[in-house]
Amino acid sequence: MKIDETQAVEGGCTCRSVRYRLNALPMIVHCCHCSWCQRETGSAFVVNALIEADRIELLSGRIEVIDTPSESGRDQKIHRCAECKVAVWSNYAGAGDAICFLRVGTLDQPGRFPPDIHIFTSSKQPWVELPAGAPSVPEFYRFEEHWSDESIDRYKSAKKTLDS
C-alpha cells in the first residue's frame, strides 16, 4: 500500500496522555516473530516501524524509559507512557538511540503501515500464517537485501549523527 506522505502520522498510548507525530515515514516495517517479542508483548509477534529518533515529535505526555534484557544480551530500552505504561517504542543496542522501533499498534491508523518483511519466522507460532508472497526470513537479514537505498542512507546518517 502506498502511503500518502501529505497525511499526518500520529499516535499515542492507551490513556491518550502520550501523543506523538512522525515527521517522516518509517524506513522499514518489521513484523518480528522472535520468542522475546512474543514474551514482551504477550502476543504472537510485534509490528515495529523503524524511524530515526529525531523524527518522532512528542506532542504531549511523559515517556518513561525501562531497560530490559534482550536475547542479544545487550539489552533494550522500552519507552513507555509514564501513566498507563503502554510501550510506544524501543531502542535496541545494535541500532542505538538514533533509531526507534515504533510500535505500529500505537499509531492512530496502524493499517497504513503493513509489514515490509517478517523476521525471525523460525520461531513464529505454528498457527500464524504469513500472507502469500510476503517477504520473510528465518532470523534477521542484511539491510542491503531488503531496504531501499534511501532508507539505508537515512539509517547511516542517523547513526553517524549519534556517533559524532
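What is the sum of charges around Ser43, taking Lys and Arg as +1, Asp and Glu as -1, for the other residues whose C-beta is under 12 Å from the C-beta of Ser43? Could you put the intermediate results ahead of the total?
Numbers: positive: Arg39, Arg103, Lys124; negative: Glu40.
The answer is +2.
Students often check this: by mean Cβ neighbours within 10 Å, which of 113-123, 138-148 ranks highest, and how do the rest follow?
Most protected by this proxy first, the peptides run 113-123, 138-148.
Can you give the calculated 222 nm mean residue ellipticity of the chain, where each DSSP H run of n ≥ 4 adds -39,500 (n - 2.57) and the sum is split over every residue, rounded to the nearest 500 deg cm²/dmol? Provide the component values of the computation, followed by the final result.
On the way: 3 runs with 26 residues, N = 164.
One gets -4500 deg cm²/dmol as the mean residue ellipticity at 222 nm.
So what J values fall out for the range 90-106 if you push phi through Karplus, 6.51 cos²θ - 1.76 cosθ + 1.60 with θ = phi - 60°, rounded to Hz, Gly and Pro as x?
Result, rounded to whole Hz: 9, 10, 9, 4, x, 8, x, 6, 6, 10, 9, 9, 6, 6, 4, x, 8.
In straight Cα distance, which aspartates and glutamates are under 18 Å from Lys156, not counting same-chain residues fewer than 8 positions off?
Result set, ordered by chain and number: Glu52, Asp54, Asp97, Glu144, Glu145.
Pull up all non-local amide H partners of Ala134: gap of 5 or more, or a different chain, and H-to-H distance under 5 Å with H placed in the peptide plane.
none
What list of ³J(HN,Hα) couplings, whole Hz, do you get for the range 114-121 from phi and the Karplus terms 6.51, -1.76, 1.60, once you set θ to phi - 60° and write x for glycine and proline?
So the Karplus estimates, Gly and Pro as x, are x, x, 7, 7, 9, 10, 6, 5 Hz.
Long-range amide H contacts for Val9: which residues qualify at under 5 Å (H placed 1.01 Å from N, peptide plane, sequence gap of 5 or more or a different chain)?
Under 5 Å from the amide H of Val9 lie the amide H atoms of Leu22, each far enough along the sequence or on another chain.
Taking a probe of 1.4 angstrom, what is the accessible area of Val104 in Å², to the nearest 10?
For Val104, the solvent-accessible surface is approximately 10 Å².
Would you mind getting the accessible area per residue of the chain, heavy atoms of the protein chains only, 1.4 Å probe, in Å²?
Accessible area per residue, the chain: 54 Å².
Taking amide H atoms as placed 1.01 Å from N in the peptide plane, list the residues 5 or more away in sequence, or in a different chain, whose amide H sits under 5 Å from that of Val88.
His79, Arg80, Cys81
Of the listed values (i) 67, 57, 23; (ii) 39, 34, 33; (iii) 49, 34, 23, grab the one calculated as Cα extents along the principal axes in Å from the structure here.
(ii)
Pairs of alpha-carbon atoms within less than 8 angstrom and 6+ residues apart define the contacts here; what relative contact order does the chain have, in percent?
25 percent
Using θ = phi - 60° and the Karplus form 6.51 cos²θ - 1.76 cosθ + 1.60, what ³J(HN,Hα) does each residue of the range 17-30 get, whole Hz, x for Gly and Pro?
These are the phi-based 3J(HN,Hα) values: 5, 8, 10, 9, 10, 8, 9, 6, 7, x, 6, 6, 10, 9 Hz.
Among the lysines, which fall within straight-line cross-link reach of Lys85, defined as a Cα-Cα distance under 29 Å, with same-chain neighbours fewer than 8 residues apart omitted?
Hits, sequence-local ones excluded: Lys77, Lys124, Lys159.
Summing +1 for each Lys or Arg and -1 for each Asp or Glu, what net charge is found among the other residues whose Cβ lies under 14 Å from the Cβ of Glu145?
-3
What share of Cα pairs, in percent, lie more than 16 angstrom apart in the range 101-155?
57 percent
The values are calculated or read from the model by the stated rules, or taken from the named source; none is laboratory data. Quantities reported herein were computed from a predicted structural model and do not represent experimental measurements. Neighbour counts run over all protein chains shown; Cβ positions are idealised from the backbone, glycine included. Areas reflect the complete protein model, heavy atoms only, side chains present, ligands, DNA and RNA absent. Shrake-Rupley method; radii C 1.70, N 1.55, O 1.52, S 1.80 Å.
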